[in-house]
Amino acid sequence: GKMISGTTTVQIQRTHEYYEANGGWHGTIALDGGGVLSNQAIHEIDFLAFVLGLPRRVRCSIWTKGHDIEGEDLAAAIWEYENGMVVTFEATTCFPQKTWYSRTDIFGSDAAYYSVSGGPFDAARCGWFYEGAWQTQPPEKVDSPWLNAADNMAAAIRIGADLMCPGESGRATQSILDAMYRSGRNNDGGWVELLRQGAGRKEHADIQH
């Protein structure tokens, strides 16, 4: 059906010792890109970009609540898509439990999906709502032809196989992260349009500053 909404939260514990280790590069803008968004939550950003594609615009607020670091340890964002879908995104490294607690919910007019792991759950869980009931199996199962990313890369080099995640995928994820930081750091949490792939080098350089 029509895509309507998605929500992702990722709650992680990172101690002061973590940020002070190895010269204290974690949580710095110059070496880590920022905080929880650029280091930990980038995996969830990447997942949503792969599944849903690029949003049209984003807005994001960032805070540093529990650590003495340059970057953020708490962030909340909204992504808006061309088709009207809205995604809410929240991430923190201030969670009291030593865990990687994440949850994603996506739904449309006819179906829904959820995935949750960590926190109070002893094992990862996911489910699909379709045909009027929650199911443990997806409506359509798709298996990857590759064992892992390294297997795919080796096949690309040896026989010219297509990459599941080419460089363009990484650029898409980076463009969302950059827009979130431009909103949170430079635009007081206001809406920021995404720079599309193919933007000039100067535009990308300006994002970092």
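The values are calculated or read from the model by the stated rules, or taken from the named source; none is laboratory data. Remember, it's a predicted structure, so these values are computed and weren't measured experimentally. No Cβ is skipped: glycine too gets one built from the backbone with ideal geometry, and neighbour counts run over all protein chains shown. Side chains included, ligands, DNA and RNA excluded: accessible areas come from the protein's heavy atoms. Shrake-Rupley method; radii C 1.70, N 1.55, O 1.52, S 1.80 Å.
Residues in the range 132-151 that are open to solvent by 80 Å² or more (accessible area, probe 1.4 Å) and at pLDDT 95 or above: Trp134 only. The set of residues in the range 50-93 being polar (S, T, N, Q) and either within 15 Å of Arg14 (Cβ to Cβ) or assigned to a loop (DSSP other than H, G, I, E, B) (or both) consists of Thr64, Asn83, Thr92, Thr93. Could you say whether any residue in the range 88-98 is in contact with a strand residue (DSSP E or B) (Cβ under 7 Å, 6 or more places away or on another chain), open to solvent by 50 Å² or more (accessible area, probe 1.4 Å) and hydroxyl-bearing (Ser, Thr, Tyr)? Among the residues of the range 88-98, at least one is in contact with a strand residue (DSSP E or B) (Cβ under 7 Å, 6 or more places away or on another chain), open to solvent by 50 Å² or more (accessible area, probe 1.4 Å) and hydroxyl-bearing (Ser, Thr, Tyr), which makes the answer yes.
Here is the figure for the range 1-24: residues that are over 25 Å from Gly118 (Cβ atoms), without any contact (Cβ under 8 Å) to a residue 12 or more places away in the chain and in a loop (DSSP other than H, G, I, E, B) total 1.
When Gly160 is tested against the conditions (1) of a type outside the set (Lys, Arg); (2) surrounded by 10 or more Cβ atoms within 10 Å (Cβ to Cβ); (3) out of contact with any Leu (no Cβ under 9 Å at 6 or more places or on another chain), the lone failure is (2).
So, Tyr101, is that one touching a helix residue (DSSP H, G or I) at 6+ places or on another chain (Cβ under 8 Å), among the hydroxyl-bearing types (Ser, Thr, Tyr) and either in contact (Cβ under 8 Å) with a residue 40 or more places away in the chain or farther than 30 Å from Pro139 by Cβ (or both) or not?
Details: touching a helix residue (DSSP H, G or I) at 6+ places or on another chain (Cβ under 8 Å): no; among the hydroxyl-bearing types (Ser, Thr, Tyr): yes; either in contact (Cβ under 8 Å) with a residue 40 or more places away in the chain or farther than 30 Å from Pro139 by Cβ (or both): yes.
Against the criterion (touching a helix residue (DSSP H, G or I) at 6+ places or on another chain (Cβ under 8 Å), among the hydroxyl-bearing types (Ser, Thr, Tyr) and either in contact (Cβ under 8 Å) with a residue 40 or more places away in the chain or farther than 30 Å from Pro139 by Cβ (or both)), Tyr101 does not qualify.
If you check Phe107, Phe129 for being closer than 25 Å to Ser5 by Cα, of a type in the set (Phe, Trp, Tyr), part of a strand (DSSP E or B) and free of Cβ contacts under 8 Å to residues at least 40 places away in the same chain, only one passes: Phe129. Gly119 meets the conditions (1) part of a loop (DSSP other than H, G, I, E, B); (2) free of Cβ contacts under 8 Å to residues at least 60 places away in the same chain; (3) in contact with a strand residue (DSSP E or B) (Cβ under 6 Å, 6 or more places away or on another chain); (4) surrounded by 12 or more Cβ atoms within 10 Å (Cβ to Cβ) in every case but one. The failed one is (2).
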